[in-house]
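The values are calculated or read from the model by the stated rules, or taken from the named source; none is laboratory data. The structure presented is a predicted model; accordingly, all values stated were derived computationally and were not measured. Every residue, glycine among them, receives a Cβ derived from its backbone with ideal geometry; neighbour counts consider all protein chains shown. Note: areas computed on protein heavy atoms with side chains; ligands, DNA, RNA excluded. Shrake-Rupley method; radii C 1.70, N 1.55, O 1.52, S 1.80 Å.
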Amino acid sequence: MTPIGIHDLELATAHHVLDLGLLATSNGTDPNKYRIGIGQDEMSMPAPDEDVVTMGASAALPLLQRHGADGIRTLLFATETGLDQSKAAGVWVHQLLGLPAHVRTVELKQACYSATAALQAAIGIIARSPEEKVLVIASDVARYELDSGGEPTQGAGAVAMLVSANPALVEIEPISGVHTADVDDFWRPNDSSTAVVDGALSVRAYLDALTGAWDDLAARGGPELAAIDRVVYHQPFTKMAKKAQQRLSQHAGSDLGEVGLQTGSVYNRRLGNTYTASLYASLAALLDHEDDLAGQRVGLFSYGSGSVSELLTGIVQPGYASADRARRVREALDARVPLDVAEYRQLHATELPSGVDVATPRVTKAPFRFAGIRGRARHYERTDGG
Ligand code: COA
């Protein structure tokens with residue numbers, strides 16, 4: 001069988017950053033609750049001229065610069081930060097990236113899970129047409145109400161993955177475990193720009209989904225936990241990965257200890273929650289911060305509230321390491337423009353007026369920007385002259 005999986009991967013984030021130490025001081029919380037208790041240091045926040053389209057296109061651009069567009073006939077855009085009830089956000093990305101017309105483009109939604117559905121759909125397409133490549137983009141802005149329990153777990157970011165036969169990074173193995181359960185732990189009603197969340201229930205539902213997906217993986221003949229070298233997890237906050245690894249170790253009867261937890265959360269600690277992109281940001285961090293993963297089996301646990309989850313495994317390919325990506329991500333994170341708490345609260349409260357034309361202020365330094373709304377349609381532009 002032809003190996004299929006992630007050939008290359010890139011991250012992008014937003015223009016601004018809020019240090020959670022500032023948020024803690026402003027609301028009278030011990031900063032260690034954020035840094036240690038939930039495991040978050042910072043959160044990214046988009047400028048008014050950024051959104052999931054600009055972040056997604058910015059993540060995908062370097063992939064196209066490295067590999068070209070040849071063979072890409074499908075663009076799958078995973079997000080739970082929907083910008084339109086009808087049009088797929090990927091169509092704007094397709095235009096911004098100058099992709100050829102002969103590409104099918106669609107948006108997928110199921111909370112934080114849908115990038116994994118996109119990855120599996122991509123693998124299915126390539127299994128049938130091994131010469132094709134699929135561009136998978138996961139891009140989200142995590143927004144909760146000001147002064148709510150979820151506030152310190154906001155964030156923003158995108159991961160773009162080029163999926164192909166004979167991948168250079170991670171071959172995805174054919175067997176996976178899946179799990180669906182109708183649960184009201186987290187959702188975003190159509191009339192709300194912030195999520196509704198029952199935090200404690202979401203943690204329980206996540207862990208139950210993990211054991212459910214594990215049981216399905218085992219029943220279908222997947223590997224024993226002892227044969228999995230690292231596991232990366234969806235990280236609504238990085239402490240969740242630690243809780244998940246403990247639960248998985250107990251449930252599957254093999255102690256993973258804390259292996260991979262620190263390396264797998266280097267980016268997520270600074271990005272905040274990136275919903276669909278979170279698991280794949282964690283995979284990137286693991287690949288970028290461990291020396292000797294070639295030939296090792298990595299488990300990937302994807303969870304989307306509501307809830308759908310999947311546990312898949314992949315084999316890290318020889319020559320996977322890219323010191324360059326670690327540098328690029330660190331530089332992008334360091335280059336974010338800090339907000340103080342007053343500026344953060346003002347930006348959070350700013351929403352686009354409904355039904356009128358809007359021109360957004362020029363703020364972002366990213367290669368793409370959201371220019372505004374004309375005649376109720378969103379407009380984007382490339383800023384780097386490319
Ligand atoms: N120093 C160190 N740790 C501290 C601390 C301190 N001063 N104060 C509290 N903590 C720890 C707590 O012991 C707890 O640890 P534990 O989870 O290991 O028991 C942790 O910090 C969180 O404290 P808690 O009181 O549970 O926080 P909270 O009521 O504010 O809720 C979340 C935390 C994560 C549930 C909340 O931020 C949330 O709802 N986030 C959104 C959830 C989400 O995104 N779900 C999506 C689907 S998974």
Links exceeding 23 Å between C-alpha atoms in this model, out of Lys133/Lys242; Lys33/Lys243; Lys33/Lys242; Lys109/Lys133, come to Lys133/Lys242
Expressed in angstrom and rounded, the centroid-to-centroid distance over alpha carbons for the range 284-306 and the range 38-116 is 21 Å
Heads up, the range 284-356 by the C-alpha gyration tensor (a ≥ b ≥ c square roots of eigenvalues; a/c under 1.5 rounded, else a/b over b/c prolate, else oblate) looks oblate
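Antiparallel DSSP bridges in the chain: what percent, to the nearest 5? It would help to have the intermediate numbers written out before the result.
On the way: 50 of 68 bridges.
DSSP beta bridges in the chain are roughly 75 percent antiparallel.
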Filtering trypsin sites (Lys or Arg not before Pro) in the range 30-94 by DSSP loop and by at most 16 other Cβ atoms within 10 Å leaves Lys87
Ranking His16, His67 from most to least accessible area with a 1.4 Å probe gives His67, His16
Rounded to two decimals, the Debye log10 I(q)/I(0) of the range 130-211 (Cα scatterers, no solvent) at q = 0.11, 0.18 Å⁻¹ is -0.50, -1.00
The chain, Gaussian network, Cα under 10 Å: of Ser86, Ser129, Ser305, the residue fluctuating most is Ser86
The equivalent-ellipsoid semi-axes of the range 332-386, taken as the square roots of five times the Cα gyration tensor eigenvalues and listed largest first in whole Å, are 22, 19, 6
Per DSSP, the loop-located trypsin sites (Lys or Arg not before Pro) within the range 214-262 having at most 13 other beta carbons within 10 Å are Arg220
Counting only DSSP loop positions in the range 343-381, the trypsin sites (Lys or Arg not before Pro) whose Cβ has at most 11 other Cβ atoms within 10 Å are Arg376
P(r) over all Cα-Cα pairs of the chain, 10 Å bins from 0 to the longest distance, whole percent per bin, short to long, reads 5, 25, 36, 25, 8, 1
Highest mean packing first, using Cβ neighbours within 10 angstrom, the peptides 315-321, 173-179, 335-341 sort as 173-179, 315-321, 335-341
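Hey, what's the Kirkwood Rh for the range 199-256 if you take every pair of different alpha carbons, in angstrom?
Its Kirkwood hydrodynamic radius stands at 11.8 Å.
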Over all directions, the range 171-316 yields a Cα convex hull whose mean projected area in nm² is 8.5 nm²
Per-residue ellipticity at 222 nm attributable to helices in the chain (runs of n ≥ 4 DSSP H, -39500 (n - 2.57) apiece, nearest 500 deg cm²/dmol) works out to -9500 deg cm²/dmol
Taking the range 39-151, the equivalent ellipsoid from its C-alpha gyration tensor has semi-axes in Å, biggest first, of 27, 16, 13
Rg (one decimal) and Dmax (whole number) from the Cα set of the range 224-382, in Å, equal 19.6, 59
For Glu173, other-chain or 5+-apart residues with amide H closer than 5 Å (H placed, Pro excluded) are Thr313, Gly314, Ile315
